[in-house]
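Have a look at the structure below before the remarks.
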Amino acid sequence: MALEAIGVARPDSIASVAPTRVEALAHRAARGDVDAFDELVSLHAGKVVNLAFRLLGDATDADDVAQEAFVKAYRSLPRLRDRSQFTAWMLKITTNACRDYLRRRGRRDEVGLDEAINHAGGDATAHVVEQQETQARIRHLMNTLPQKHQIVLYLRDIEGLSYDEIATTLGCTVSSVKNRLHRAREAFRIRAMPYVDEVLPWE
Amino acid sequence: MTETMSRTECQGFAALVDEYMDGELDPRLRAACEAHVASCPECGQWLARARRAQELLASGPRVEPGRGFRLALRGRLEVEQLRRRRRERVIRSAAAFLAPATVAALVLVQHMPAGRDRLPEASRVTASAAHGPTTGPGTPWMAPPQTADTGAAMVRGADPAPVPRLVVPSVNTPRSRRGVAPHIPKPTPAAASPEGPTTSSDSGDGLDSVLEAVPAPSVHAPIQFAADRHSPSYVTPALAQTAPATPAPPLVRPLPAPDGVFAAGRDTTFEV
């Protein structure tokens, strides 16, 4: 809080970066300035890699897909009309890249689930295996949601941004964020509730 | 009644539950939600499950980009930048070549004869008036502008001045192109009157006899049977040379003039 008060950006937060700064960098990058785009990468890499990791379940794959997403963004940036929406656009590109990757790899999430269970093997405890299986299921549930629901759930429930920050990131109003988040959570809950009851039994 | 009220409250709570869980409600609504959860076991249970689902979603490790992430990405971006610059250079050089070429093509098109139907006439008049008799059609775009204009005016008949003029019907035009049989004046030894025009054969005999009746031009030139003489408004080269500035009569069939003068038309060639 104190850092924000004196204008220092909270580390690893998209919304803490002034939109005008992102927009200015995006304008420069759209003209081919690699240094400006590199700065955009430094501001967004954490979010992009984590979103990819949430959707893919593997850190190495997440790195690869995040790089691919950044390169695609650099190529397509001249066609982005509203450069102030770079962050939301970048997250959309990331979810698309993840989806393409999963399509190429087949049902990666199911494979990941099996791999996780087999991989844990003798070293991992039953608790670790259970956690990995849970993560694989959550990934699967996330991947069945529409893209805009994935993004708003990620920003709120995983990154912990406030409604205002999400509105800034997505370039929409706070009431629109509320509406989207409500629909996204409803969709997620419908899918997740049976599993929630299974893995988190009532005390 | 109480059940109905409770159901309405449950619906209201369901609409606000996300903001309630996120702590984004104002104190008054938050207090109302808390009171409802306390009084409604179903909603309380549902809220607990929703919170567990949210926790499940938020659980899981966070990752940081790999050690070589930025460096590898920077390399790929620089390669992309080079490609983009090369593409732009190609586009720029293509534009630098195409822009003058396009302008030149436009200028050329604008200075060409206007219509496709005009080209044969221009070439014929050029061949006859400017270069004398030739054995083939001239090159239309090589013709001097005034000559081409004269030919076009003669074809279109812009000025129907009653100058003795021979407009030979399309005797040699193939029937497939003419559509209907042409009518040409039947020449008689006494007078070349156009009364009672007869159908001519395609042999060109009718044409020769008509030409015999024409007053001899001062400069005799042989009739040019160029490829485009099939045009219905064929003009002998000699006449084109003697009266180059005189426009041809209109191609449409004119009405008889009130003074009894039969004006020149498509099938008639002389004043009477």
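Laboratory data are not the source of any read-out in this text; all were calculated from the coordinates shown. This one's a predicted model, so the numbers in the text were calculated from it and none came from an experiment. Reconstructed Cβ throughout: ideal geometry from the backbone, glycine too, with neighbour counts over all protein chains shown.
For the stretch B:67-111, with equal point scatterers placed on the C-alpha atoms only and solvent neglected, what are the log10 I(q)/I(0) values from the Debye formula at q = 0.25 1/Å, to two decimals? Debye curve over Cα of the stretch B:67-111, log10 I(q)/I(0) at q = 0.25 Å⁻¹: -0.82.
Pick out, in residue order, every one of the trypsin sites (Lys or Arg not before Pro) in the stretch B:1-107 that is DSSP loop and has at most 15 other C-beta atoms within 10 Å; say none if there are none.
B:ARG62, B:ARG67
Take each residue of peptide A:71-81, count the partner chain Cβ atoms within 10 Å of its Cβ, and average: the result is 2. In terms of its Cα atoms, the stretch A:18-85 spans 33, 23, 20 Å along the principal axes, sorted from long to short.
Extending 7 Å from Cα along the Cβ direction at B:ALA58 and again at A:ASN179 yields two label points whose distance is 2.6 nm.
Per residue of A:92-101, count partner chain C-beta atoms within 10 Å of its C-beta, then hand back the mean as an integer.
The mean count of partner-chain Cβ atoms within 10 Å per residue comes to 0.
Quote to one decimal, in nm, the extra length available between B:ARG30 and B:ALA95 on full extension: 0.36 nm per residue of separation minus the C-alpha distance between them.
Extending this stretch completely gives an extra 16.9 nm.
Quotient of the Cα radius of gyration of the stretch B:2-58 and 2.2 N^0.38 Å, N being its number of residues: 1.11. Each peptide in A:58-66, A:97-105 receives the mean, over its residues, of other Cβ atoms within 10 Å, and ordering these scores from highest gives A:58-66, A:97-105. Across peptide A:155-162, the average count of Cβ atoms from other chains found within 10 Å of a residue's Cβ is 3.
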